[in-house]
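Structure, as structure tokens:
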Amino acid sequence: MSAPNIETIVSLAKRRGFVFPASEIYGGLGSSWDYGSLGVELANNIKKSWWRWLVHERDDIEGLDSSIIQNRQVWKYSGHETTFSDPLVDCRACKGRFRLDKLQDVSCPKEQSANAGSGKECDLTEAREFNLMFRTTVGAVSAEDDESALAYLRPETAQGIFINFANVLNTSRRKLPFGIAQIGKAFRNEVTPGNFIFRTREFEQMEMEYFCRPEDAPHIHQEFIDAFQEWFYSLGISAENLKLYEQTKEELAHYAERTVDILYRFFPERDDEEKQFDELMGIANRKDFDLKAHSKKPEDREGKRINTDSNEDLSYFDEATKQRFYPYVIEPAVGVNRTLLAVLMDAYTEKTNDKNETRVIIKLKPELAPIKVAVLPLAKNKPEIVSMAKDLKRQLLPAMRTVYDDTGGIGKLYARQDEIGTPFCVTVDHESLEDNAVTVRNRDTWEQERINVSELKEHLQKRLN
Ligand code: GAP
């Protein structure tokens with residue numbers, strides 16, 4: 001089983017310290033969320049998995065961490081200043097403001113049940129384009145609308161990669177094909193954010209731009225579509241909750257030759273099976289659009305340079321063929337927050353205990369679990385047991401994230417660890433003081449084994465891996 005809806009995860013996330021509403025003590029800030037002690041660990045583990053899999057385990061991808069605020073020209077030549085917008089409509093009756101293309105997903109505030117625009121209350125204006133980039137000013141400017149100081153918070157991490165193509169190529173001595181990977185925050189002033197951490201104005205992306213010869217792009221594109229499905233399976237997401245979606249010609253971004261989205265079943269409660277799925281990530285063939293757009297040399301049909309501000313030509317010289325060209329780019333782009341939501345939804349299960357009580361178990365893959373092992377004393381009023389448990393925690397800690405907890409009865413402590421996805425609990429009891437052995441309890445099966453302390457670390461390491 002997986003979570004029946006996002007709401008189940010919202011309440012678990014708040015109750016157990018994964019995700020909290022941001023600025024809650026001041027009434028919150030629409031669709032902003034703070035990640036608590038377990039949420040930040042889970043997000044970090046997702047990012048580590050992605051980075052290890054792409055940057056460390058392959059031999060053809062370099063890492064990068066570029067600035068969030070770049071020269072405004074980056075967003076001029078990438079096309080974001082003119083085209084990164086959503087069609088916005090206002091309702092004269094309910095005063096709501098909606099995305100024209102998402103009216104079916106939001107309801108009119110006056111008529112909770114009807115989709116915006118379809119209810120009798122709604123009286124929509126003509127659509128106008130609303131640019132999604134957050135504006136800011138750089139330096140000590142006199143006026144906030146001083147155009148010369150205008151800058152943007154990046155709406156995607158990708159452009160930081162394209163503008164560093166020559167830097168990475170020259171310093172790493174790479175030859176095509178190779179990729180550049182980056183993880184970082186992105187900001188979009190979304191018209192209709194919502195559904196918990198699914199669509200927010202501040203979020204995190206894991207993007208990789210893979211540069212290749214134009215003729216190799218189609219098959220490399222397909223390889224990454226297949227590889228990313230496998231990566232999601234490796235995070236514990238089940239195949240039945242993932243689906244591929246081939247964007248139609250009308251949906252494709254102006255620069256893309258082909259884009260395939262990987263969808264996740266974020267809305268299992270919806271009757272229409274197709275509407276249960278929404279985008280988890282996109283994998284695009286961006287052709288040579290970006291490298292050309294940021295280069296000083298390319299000209300348009302009238303022979304005019306398309307970029308009059310760049311100091312660099314981002315073309316590639318192939319020593320073997322003695323040809324110079326602009327590489328094509330395959331871009332797998334995935335959201336950290338959407339991945340975290342999908343991972344939590346998919347890991348969610350319920351189990352009935354022998355007292356007929358329903359318990360929540362989050363069956364996270366050990367690699368992703370915020371805490372790997374919890375050491376629990378059976379009697380917290382017995383100093384020898386407490387001391388042995390705390391010693392064990394210290395011994396395990398350098399090898400695996402381990403916590404000590406004595407804030408409840410053992411049944412309650414087990415339930416608490418199940419609910420946050422801790423794969424193993426280690427219980428120290430009265431007998432442990434005699435036989436130097438402890439009970440290791442498995443989160444998923446609730447089975448218990450007696451393990452000698454001298455073998456404990458190795459035993460747990462084997463099972464966690
Ligand atoms: N460089 C390409 C690019 O940014 P995108 O499809 O706009 O492509 C990639 O974004 C991924 O980033 C999405 O598939 C999604 O996982 C995540 N994402 C985009 N907008 C988001 C938002 N407002 N809130 C949370 N995640 C978002």
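Here are a few things to note about the model shown:
- Inside the range 104-116, residues that are exposed (fewer than 15 other Cβ atoms within 10 Å of the Cβ) and either among the acidic types (Asp, Glu) or modelled with pLDDT of 85 or more (or both) make up a count of 0.
- Cβ-Cβ under 6 Å pairs, at least 6 apart or on other chains, the range 176-197 side farther than 29 Å from residue 106 by Cα and open to solvent by 20 Å² or more (accessible area, probe 1.4 Å), far side more than 10 Å from the ligand (Cβ to nearest atom) and assigned to a strand (DSSP E or B): 177/212
- Selection within the range 263-273 - open to solvent by 10 Å² or more (accessible area, probe 1.4 Å), outside any loop (DSSP other than H, G, I, E, B) and either closer than 20 Å to residue 232 by Cα or of a type in the set (S, T, N, Q) (or both): 263
- Filtering the range 117-153 to residues that are open to solvent by less than 80 Å² (accessible area, probe 1.4 Å), within 23 Å of residue 99 (Cβ to Cβ) and either free of Cβ contacts under 8 Å to residues at least 24 places away in the same chain or of a type in the set (D, E, K, R) (or both) leaves 119, 121, 123.
- Test: residue 340 is touching a residue at least 40 places away in the same chain (Cβ under 8 Å) and either more than 16 Å from the ligand (Cβ to nearest atom) or not in a loop (DSSP other than H, G, I, E, B) (or both): yes
- Condition check for residue 296: at pLDDT 95 or above and either among the aromatic types (Phe, Trp, Tyr) or part of a helix (DSSP H, G or I) (or both): no
- Breaking point among (1) in contact with a Lys or Arg (Cβ under 9 Å, 6 or more places away or on another chain); (2) open to solvent by 40 Å² or more (accessible area, probe 1.4 Å), for residue 101: (1)
- Pairs where the first residue, in the range 268-279, is closer than 15 Å to residue 4 by Cα and the second is within 16 Å of the ligand (Cβ to nearest atom) and modelled with pLDDT of 95 or more, C-beta under 6 Å, 6+ apart: 276/265; 276/267; 277/243; 277/263; 277/265
- Only one of 156, 204 that is within 30 Å of residue 64 (Cα to Cα), within 16 Å of the ligand (Cβ to nearest atom) and open to solvent by less than 20 Å² (accessible area, probe 1.4 Å): 156
- Flag: residue 89 matches the condition of being more than 21 Å from the chain's Cα centre (by Cα), crowded, with 18+ Cβ neighbours inside 10 Å and outside any helix (DSSP H, G or I).
- Residue 52 vs. criteria assigned to a loop (DSSP other than H, G, I, E, B) and not aromatic (Phe, Trp, Tyr): no
- Qualifying residue in the range 345-362 (condition: open to solvent by less than 10 Å² (accessible area, probe 1.4 Å), touching a residue at least 40 places away in the same chain (Cβ under 8 Å) and within 16 Å of the ligand (Cβ to nearest atom)): yes
- Scanning the range 263-283 finds one or more residues that are within 14 Å of the ligand (Cβ to nearest atom), at negative phi, modelled with pLDDT of 95 or more and among the β-branched types (Val, Ile, Thr).
- Among all positions in the range 295-310, there is no residue which is aliphatic (A, V, I, L, M), open to solvent by less than 60 Å² (accessible area, probe 1.4 Å) and either in contact (Cβ under 8 Å) with a residue 12 or more places away in the chain or farther than 30 Å from residue 239 by Cα (or both).
The values are calculated or read from the model by the stated rules, or taken from the named source; none is laboratory data. Everything quoted here is computed from the prediction, not taken from an experiment. In this analysis, Cβ positions are derived from the backbone assuming ideal geometry, glycine residues included, and neighbour counts consider all displayed protein chains. Just so you know, the surface numbers come from the protein's heavy atoms only, side chains and all, with ligands and any DNA or RNA stripped out. Shrake-Rupley method; radii C 1.70, N 1.55, O 1.52, S 1.80 Å.
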